[in-house]
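Enquirer: Please find one structure pasted underneath; my questions will follow.
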Amino acid sequence: MNEHKTLIDLINNKEKLVAMLAPSFPIVFSYPEIITMLKKLGCSYVVEVAVGAKKTNKQLSALLKADPLARYITSPCPTIVRMVQKQMPQYAKYFPVGVDSPMVATAKIIREKYPGHRPVFIGPCYVKKYEANEDVPELNILVLTYTELKDVFNHFHVTEDADQHDAFDMSEPGDERMYAMDGGLSHSSGLSDLLKSDELKIISGAENNIEAIKEFDTHPTIRLLDILNCEGGCIHGPGITSSLSTEERKEKIYHYISENKNSDMISVNEG
């Protein structure tokens, strides 16, 4: 896959682009510098994927509230989804129908708000490329990792710079910004408060996932398995190049959240 070369071609051809930044971006990029840099590349708009995460939360919460017997394995992690589909298909029945991942939800919002613009998802996960190409090809999402985006910046000689007036064109400055960390979905959606302690299991790390899924299947008291493939969550995605520890990565995100709670960003409230 050569998505960074595709993005270079799109920029050279003056295509209309909307950048979608995953919630883990503060680990790699400073704010608002990253907004300025993406605008310099030629992105018409820059959107925070927390916007779509809020929609994901609403969709999943509605299903759990509507049926007190409903039980689900969360589906925003494409690695988990593909592992279950290919290696453990008997458990695929637990994925919630009609719940979009934050990336997909954000791309759908962009399609409505910015027609004619191509969504470019920028995040820590290579498997998102398969999700975009195989699951929702109609949305025409281009997926790059942070590492690949740095290559694009280098190609166009875009250096770190900030216009202090730059901000996200769409944002949801709430707890959805925690999505990159293990348990981020449960905590930001309020499901960690709605569900009893024995009804919710939060797990991350490839070495833990298979047993956690098997346990969920045999323990009907667990209503939600909030599961991410990377240890600690998306903050350790392979598309992140960083020497920071897990706690330092989390601190980067918490700092961004605390510093931008009362910003003048545009919040999109869907549904």
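Enquirer: For His255, indicate whether it is out of contact with any strand residue (DSSP E or B) (no Cβ under 8 Å at 6 or more places or on another chain) and crowded, with 18+ Cβ neighbours inside 10 Å. Before the answer, list the steps.
Expert: Working: out of contact with any strand residue (DSSP E or B) (no Cβ under 8 Å at 6 or more places or on another chain): yes; crowded, with 18+ Cβ neighbours inside 10 Å: no.
Taking the combined requirement at face value, the residue does not satisfy it.
Enquirer: In the stretch 171-187, how many are assigned to a helix (DSSP H, G or I), touching a residue at least 40 places away in the same chain (Cβ under 8 Å) and either more than 18 Å from Leu21 (Cα to Cα) or out of contact with any helix residue (DSSP H, G or I) (no Cβ under 6 Å at 6 or more places or on another chain) (or both)?
Expert: Number satisfying all stated conditions: 2.
Enquirer: Leu144 passes all but one of (1) within 20 Å of Ser186 (Cβ to Cβ); (2) crowded, with 22+ Cβ neighbours inside 10 Å; (3) not small (Gly, Ala, Ser); which number fails?
Expert: So Leu144 meets the others, but not (1).
Enquirer: Which members of the stretch 88-144 meet the condition of being assigned to a strand (DSSP E or B) and closer than 15 Å to Cys77 by Cβ?
Expert: Residues of the stretch 88-144 assigned to a strand (DSSP E or B): 118-123, 142-144.
Matches in the stretch 88-144: Phe121, Gly123, Val143.
Enquirer: Of everything in the stretch 68-104, what is of a type in the set (Ser, Thr, Tyr) and either at pLDDT below 95 or over 17 Å from the mean Cα position of the chain (by Cα) (or both)? Give them in sequence order.
Expert: Correct list: Tyr72, Tyr91, Tyr94.
Enquirer: For Met88, state whether it is touching a residue at least 12 places away in the same chain (Cβ under 8 Å), surrounded by fewer than 16 Cβ atoms within 10 Å (Cβ to Cβ), touching a helix residue (DSSP H, G or I) at 6+ places or on another chain (Cβ under 8 Å) and of a type outside the set (Ser, Thr, Tyr).
Expert: Judged against the criteria, Met88 is a match.
Results for (1) within 30 Å of Glu207 (Cβ to Cβ); (2) of a type in the set (Phe, Trp, Tyr), shown as yes or no for each residue.
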{"residue": "Ser24", "(1), (2)": "yes, no"}
{"residue": "Leu38", "(1), (2)": "no, no"}
{"residue": "Thr74", "(1), (2)": "yes, no"}
{"residue": "Tyr91", "(1), (2)": "yes, yes"}
{"residue": "Ala105", "(1), (2)": "yes, no"}
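The values are calculated or read from the model by the stated rules, or taken from the named source; none is laboratory data. Keep in mind that what you see is a predicted model, and the values were worked out from it rather than measured. Virtual Cβ from ideal backbone geometry, glycine too; neighbours counted across all protein chains shown.
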